[in-house]
1. Taking region 270-307 as the region of interest, how many residues are at pLDDT 95 or above, farther than 16 Å from Ser78 by Cα and assigned to a helix (DSSP H, G or I)?
2. If we keep just the residues of region 77-114 that are part of a loop (DSSP other than H, G, I, E, B) and more than 13 Å from the chain's Cα centre (by Cα), which is modelled with the lowest pLDDT?
3. Pull out all pairs, ordered by first then second residue, where Cβ-Cβ is under 7 Å, the residues are six or more apart or on different chains, the first lies in region 166-181 and is closer than 13 Å to Ala87 by Cβ and in contact (Cβ under 8 Å) with a residue 12 or more places away in the chain, and the second is part of a helix (DSSP H, G or I) and among the basic types (Lys, Arg).
4. Please enumerate the residues belonging to region 195-250 that are among the small types (Gly, Ala, Ser) and either under 17 Å from the mean Cα position of the chain (by Cα) or within 15 Å of His140 (Cα to Cα) (or both).
5. Does any residue in region 206-231 that is without any contact (Cβ under 8 Å) to a residue 12 or more places away in the chain come within less than 7 Å, Cβ to Cβ, of a residue that is crowded, with 24+ Cβ neighbours inside 10 Å and assigned to a helix (DSSP H, G or I) six or more places away or on a different chain, and which pairs are these?
6. Any idea which of His267, His259 is closer than 28 Å to Ala289 by Cα and part of a loop (DSSP other than H, G, I, E, B)?
7. What is the residue count in region 262-277 for residues that are surrounded by fewer than 22 Cβ atoms within 10 Å (Cβ to Cβ) and either of a type in the set (A, V, I, L, M, F, W, C) or without any contact (Cβ under 8 Å) to a residue 12 or more places away in the chain (or both)?
8. Go through region 223-253 and give me each residue that's hydrophobic (A, V, I, L, M, F, W, C), in a loop (DSSP other than H, G, I, E, B), more than 20 Å from Ala299 (Cβ to Cβ) and in contact with a Leu (Cβ under 7 Å, 6 or more places away or on another chain).
Amino acid sequence: MDAIETHAYRMGDSPESAARRFAMFSFLLLPALGVAAALALGIAYGVPLWCLGLLFVSWLWTGLGGTVGYHRMLSHRSFQAPAAVRAFWIAAASVGGQGSPLVWAGLHRIHHANSDKERDLHSPWNGGRSGRFRDLFHSHCGWLINLSWSGQELDRMVPDLRKDPVVCYFERTHAVWPLVGLLAPSLFGLLMTSTVYGGLLGLLWGGLIRLFLTQHLSWGVNSACHRFGKVRYVTSDLSKNNWFFGLFALGEGWHNNHHAFPASARHGFGLQFDMSWCVIRSMALLGLASDVHLPDPQALEKKRLDR
């Protein structure tokens, strides 16, 4: 894949760019405010168990939508799946606030084409940076605020996905799904308690807190996993395996493994637990996934640093 000039993805000064920047800033701020509100209410009145259950279920489904759906299925084509299965996982990522599937996959492909080099959009070492806090913040979420994209450039990155009618449907409707991700848990809380306060708790725990966790666990792979951890395989970048994000980011934290074998549907090798791989493997056993890509043992052995 050819390297792509990142200036095509940088914000300009147009009203459209300013509006997009404001929307992204709100997207970063509102979940944090939701966490603060939930903590205050929890200290004052306690937290019902159903809120924790709602948080876990909604986080797991939408989180897997990002890892299994947008990342491994769309961006890397690590496995194939029927239209209904593709729709299930793309819907999960869309509800989870992951945004446009074409933009997500296109920008991620740019990252792999330029990982930890000057044209990498979110590297803590971008252009010879130091990897200090300022650069970690940039790679974690700062890059999103000043980011835009060109339709022409995205066409170059995702021509295969533009031919998929399921992807195109969610591309057209992607702005609606995050609202569903906030309204649905609010409705659940309202029905659960028959009170407006229950609806508020549903919004906070199944909506904003869930979104906060998904955001920062996903972004932590971009920042922490290019700065902290262990290197197991030879790559052309500074990706690391980080056990914390390996566990809590549903397998995405085995990032050095992933950059060594980007087409692999499995990121955690050996005893490294990879929740997303468990899901993909289960789908394959049930006939819901096919053409599952895995590196052969010889390729694994050839790239190992500790052999």
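1. Residues flagged as at pLDDT 95 or above, farther than 16 Å from Ser78 by Cα and assigned to a helix (DSSP H, G or I) within region 270-307 amount to 0.
2. Initially, region 77-114 is screened for residues part of a loop (DSSP other than H, G, I, E, B), giving 77-79, 81-82, 96-100, 114.
The next check asks that each one be more than 13 Å from the chain's Cα centre (by Cα); those that pass are 77-79, 81-82, 114.
Details: Arg77: 98, Ser78: 98, Phe79: 98, Ala81: 98, Pro82: 98, Asn114: 89.
It comes out as Asn114.
3. Hits for this filter: Val166/Arg86.
4. Initial filter on region 195-250 (among the small types (Gly, Ala, Ser)): 198-199, 202, 206-207, 218, 220, 223-224, 229, 236, 239, 246, 249.
Correct list: Gly207, Ser218, Gly220, Ser223, Ala224, Ser239, Gly246, Ala249.
5. Short answer, once both residue conditions are applied: none.
6. Values: His259 fails: part of a loop (DSSP other than H, G, I, E, B).
Exactly one of His267, His259 is closer than 28 Å to Ala289 by Cα and part of a loop (DSSP other than H, G, I, E, B), namely His267.
7. 6
8. Taking region 223-253 as the starting set, the residues that turn out to be hydrophobic (A, V, I, L, M, F, W, C) are 224-225, 228, 231, 234, 238, 243-245, 247-250.
Those left that are additionally in a loop (DSSP other than H, G, I, E, B): 228, 231, 234, 238, 249-250.
Among the residues that remain, those that are also more than 20 Å from Ala299 (Cβ to Cβ) are: 228, 238, 249-250.
Ala249, Leu250 - these are the residues of region 223-253 that are hydrophobic (A, V, I, L, M, F, W, C), in a loop (DSSP other than H, G, I, E, B), more than 20 Å from Ala299 (Cβ to Cβ) and in contact with a Leu (Cβ under 7 Å, 6 or more places away or on another chain).
The values are calculated or read from the model by the stated rules, or taken from the named source; none is laboratory data. Bear in mind that the values here come from a model prediction, so they are computed numbers and not experimental data. Neighbour counts run over all protein chains shown; Cβ positions are idealised from the backbone, glycine included.
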